[in-house]
Amino acid sequence: MSAVQHARSWMSCAMLLSIAVVGCRTPVEAEQMVFPGKNWEVASPESQRVDATKLQEATALLERTVGKDGVHELLIVRNGRVIWQGDNIDKVHGIWSFTKAFTSTTLGLLIDDGKCALDTKAKDVLHLMAETYPEVTMRHFTTMTSGYRALNDEPRGTYLHGPSKTSFLPNPEPLFIPPGTKFAYWDSAMNQFANVLTHIAGESLEELFQRRIADPIGMNRSNWNWGDLGIEGGFTINGGSGNNGGAMKISARETARFGLLFLNRGKWNGKQLLSERWMDEATRVQVSASVPHGFAPRDDEGPGEYGFNWWVNGVKPDGKRKFPGAPPGTYCGAGHNNNYCFVIPEWNMVIVRLGLDGNARDRVWSDFLAKVGEALMNKN
């Protein structure tokens with residue numbers, strides 16, 4: 001079957017699956033949505049049916065609990081309008097593993113174009129994958145179920161999950177086999193994923209993302225850039241995972257545009273930039289809670305809450321939601337140092353918080369989101 005046929009097959013399945021999820025993921029009050037031009041429209045919380053005093057209580061709670069950077073890089077958007085912003089939302093820095101959500105977005109573009117499918121095998125693009133990883137697909141990479149690891153992936157201090165600086169060289173001993181049977185959050189696998197995607201695209205992921213997403217949604221080019229891991233096979237390979245200098249570097253203000261695109265299921269001011277099918281699939285649980293872990297030191301995350309490199313407010317193996325204080329449809333891109341972008345369809349809201357200050361537990365974010373929910377004057 002050709003790549004185009006594979007893509008069409010996936011699209012047909014995705015259309016059926018999306019029927020089940022669109023109902024609870026469609027934003028409320030979508031008719032009130034606006035899109036920023038060069039600048040965001042700033043509105044009072046009350047004008048967007050949010051209690052300003054209670055919203056301030058929510059941001060104060062986050063400031064006390066999240067880390068030393070507090071809420072300086074916090075931005076809250078409802079109905080496409082900024083209703084709360086910190087004083088440093090134009091600060092640009094790396095967002096670590098949140099980069100992974102940008103990587104999977106380029107996969108969505110390539111699938112929409114018919115250049116590959118979720119079931120396209122990496123070995124058909126990079127032949128060096130054939131010997132040890134012949135069954136690894138795009139789906140395995142984007143769900144962290146590939147079992148891939150690179151040479152020199154031995155722990156680097158406390159960095160255990162795929163720190164190799166030679167991530168394009170396959171390790172002859174996989175984390176597990178066959179792919180798809182376990183979940184292992186692994187950075188070198190994501191970098192190899194970016195390598196594969198770049199060779200499919202025939203250009204760097206940064207170039208693809210800028211032309212198809214960043215420029216159309218008005219991201220300020222001065223306030224974002226995608227780090228790279230050097231040249232491989234004639235192409236610049238942007239970091240797929242966010243480590244080793246390959247992270248997306250971006251401000252909270254520009255990140256919010258990315259979140260708003262997802263809130264609107266790939267449509268920006270009337271133009272569909274990414275298919276609704278991709279958006280719905282990328283942001284729902286793709287790794288069942290019953291899938292075992294393939295890497296014991298990080299066995300407290302993933303199954304029941306992982307989509308296509310987005311974290312979903314799903315039900316984990318312990319029967320609890322990732323963020324019990326947030327609506328079920330909530331999902332986020334997340335990276336080290338408290339770099340988060342929450343998309344909350346039920347509230348028609350995007351919340352971005354970037355920083356450089358450690359890793360708050362899910363409970364911190366859940367408690368904050370619960371307080372934001374209390375501020376809504378028209379909760380669904």
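The values are calculated or read from the model by the stated rules, or taken from the named source; none is laboratory data. Computed from a prediction, not measured in an experiment: that's the story for all the values here. Every residue, glycine among them, receives a Cβ derived from its backbone with ideal geometry; neighbour counts consider all protein chains shown. Just so you know, the surface numbers come from the protein's heavy atoms only, side chains and all, with ligands and any DNA or RNA stripped out. Shrake-Rupley method; radii C 1.70, N 1.55, O 1.52, S 1.80 Å.
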**Item:** Partners for LYS68 among aspartates and glutamates (Cα-Cα distance below 12 Å; same-chain residues under 8 apart left out)
**Value:** ASP357
**Request:** Calculate, in nm to one decimal, what ASN378 and ASP119 gain on full extension: separation in residues at 0.36 nm each, minus their alpha carbon distance.
**Result:** 89.0 nm
**Asked** By average Cβ neighbour count within 10 Å, what is the ranking of 177-187, 216-226 from highest down?
**Response** 177-187, 216-226
**Asked** So for the chain: antiparallel DSSP bridges make up what percent, rounded to the nearest 5?
**Response** 95 percent
**Message:** Run the helix sum for the chain: -39,500 (n - 2.57) per DSSP H stretch of 4+ residues, divided by residue count, reported at 222 nm to the nearest 500 deg cm²/dmol.
**Reply:** -9000 deg cm²/dmol
**Asked** Under the definition of Cα pairs under 8 Å and six or more residues apart, what whole-number percent is the relative contact order of the chain?
**Response** 23 percent
**Request:** May I ask you to give the solvent-accessible area per residue for the stretch 280-380, in square angstrom, as obtained with a 1.4 angstrom probe?
**Result:** 34 Å²
**Request:** With all protein chains present, calculate the accessible area of GLU374 using a 1.4 Å probe and round the result to the nearest 10 Å².
**Result:** 100 Å²
**Solvent exposure, largest accessible area first (probe 1.4 Å, DNA, RNA and ligands not counted), of MET33, MET144** = MET33, MET144
**Message:** Restricting to Cα pairs below 8 Å that are 6+ residues apart, what does the relative contact order work out to for the stretch 59-216? Please round to a whole percent.
**Reply:** 17 percent
**Item:** Of LYS38/LYS91; LYS121/LYS271; LYS249/LYS371, those spanning more than 25 Å from alpha-carbon to alpha-carbon
**Value:** LYS121/LYS271; LYS249/LYS371
**Helical segments meeting 30 Å axial Cα length and Kyte-Doolittle 1.6 threshold in the chain (DSSP H)** = none
**Asked** Residues of the stretch 88-168: accessible area per residue at 1.4 Å, in Å²?
**Response** 36 Å²
**Message:** Given the C-alpha atoms of the stretch 119-174, compute the convex hull and give its volume per residue in Å³.
**Reply:** 74 Å³
**Complete:** Rounded to a whole %, the carbon-and-sulfur portion of the accessible area of the stretch 268-348 at a 1.4 Å probe is 48 percent
**Request:** Run the numbers on the stretch 186-287 and let me know its relative contact order in percent, using alpha-carbon pairs under 8 Å that are six or more apart.
**Result:** 24 percent
**Complete:** Extend 7 Å from the Cα of GLU276 along its Cα-to-C-beta direction; within the stretch 325-367, residues with backbone N under 15 Å of that point are none
**Request:** For an R0 of 25 angstrom, estimate the FRET efficiency from the Cβ-Cβ distance between ASN88 and ASP215 and round to the nearest 0.05.
**Result:** 0.50
**Prompt:** Using alpha-carbon positions, what is the distance between the centroids of the stretch 59-94 and the stretch 313-380, in Å?
**Reply:** 14 Å
**Request:** Classify the stretch 271-380 as rounded, prolate or oblate from the Cα gyration tensor: take a ≥ b ≥ c as the square roots of its eigenvalues, call it rounded if a/c is under 1.5, otherwise prolate when a/b beats b/c and oblate if not.
**Result:** rounded
**Message:** Give the lysines reachable from LYS316 as a straight Cα distance under 16 Å; neighbours fewer than 8 places away on the same chain don't count.
**Reply:** LYS182
**Message:** Cβ neighbours within 10 Å, averaged per peptide: list 74-80, 61-67, 363-369 in order, most packed at the top.
**Reply:** 74-80, 363-369, 61-67
**Prompt:** Which residues' amide hydrogens lie under 5 Å from the amide hydrogen of ASN238, considering only partners 5 or more residues apart or on another chain, with H built in the peptide plane?
**Reply:** LEU205, GLU206, LEU229
